[in-house]
């Protein structure tokens, strides 16, 4: 039988691999134009300038956290956190890695937005990140460094993927599946929920979504072992799974892995989160506490799981899969990058048994 002996969690945002002197550039070029900024104080979509006015009253001390020396220290902690995750994975040496992440208008749109899905083709292609026309520079170079700068066909353990799909369908999960990539992807999302307007993405050639690509490029250093990509609809109303459903899905994933009659070592990793595009430290700390204590009631009551902050769902899935293991926080790095509090709560952690050696 297969063994699930290690879980990992890692953020994957561009800020992790963008030199801190460019964090303000990221805020000025991306955050100021972002229509989906959520206020941690109201839970509502709030324009950048209005968020800045809120922060000036509610958290004037945030300005000191934008000082260059402080941001350099935060950046260095992010590098150490990513390195700890990669080292823990190497130390366990799995034969298969299950990656739990999400799609953000890359392969999935409102013509097909499953709550849960598994990719089980023979390979999953990683394509280099490309900047939109006229929008290059350090921000998009950072995305290439973190999410992929070389085309790569990543091996998929199709046998485990098919087994997971079959097992989940037989245990009351209506699981979708993907088996190959089309040449072009494009479409629209919204309006629904916090998405006030329809968003269009023109058809273009696409590989694996960035949350999966980050694990291959940064955590595995572009030297992948066989993977099984598991998709969670973390961001898009109206069919996002509740935290309770995510935990139950994670439990079912573990049961499915352990029922696979192949004696392989399997690891699982959550890619994404925690709070962003706007830093929400209260929400992040509640999430970490719930994962540490396996407090499903606390996790079920988490507020403000809209926008990419909803990637917390990926962590809850892995928490459910790893409830037999002990949660260890490598680091939580709350990193604002503007006076509006934009930025994120970057987190790095593992679930392991006491017999696992700590990463050096």
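Across the chain, Cα pairs under 8 Å and at least six residues apart give a relative contact order of 31 percent. To the nearest ten degrees, helix 68-92 and the longest principal axis of the Cα atoms of the chain are 0 degrees apart. Ranked by how many other Cβ atoms sit within 10 Å of their own Cβ, fewest first, the residues 17, 231 fall in the order 17, 231.
A simple packing score, the average count of other Cβ atoms within 10 Å per residue, orders the peptides 219-227, 62-70 as 219-227, 62-70, with the highest score first. Note on region 218-360: along the principal axes its Cα atoms extend 52, 37, 29 Å, ordered by decreasing extent. Looking at region 3-352, the DSSP beta bridges with both ends there are about 60 percent antiparallel. Inter-label distance, residue 70 to residue 25: 2.3 nm, where each label sits 7 Å from its Cα along the C-beta direction.
Whole-percent P(r), region 143-182, all Cα pairs, 10 Å bins from 0: 23, 35, 28, 15, 0.
Note on residue 324 and residue 61: their simple-model spin labels are 4.3 nm apart, each label 7 Å out from Cα toward Cβ.
Between residue 166 and residue 242, the simple label model (points 7 Å from Cα in the Cβ direction) yields a spacing of 3.2 nm.
Values quoted throughout were computed directly from the atomic coordinates according to the rules given, and no laboratory measurement underlies them. Given the structure is predicted, the values throughout are model-derived calculations rather than measurements. Methodologically, a virtual Cβ is constructed for each residue, glycine included, from the backbone with ideal geometry; neighbour enumeration extends over all protein chains shown.
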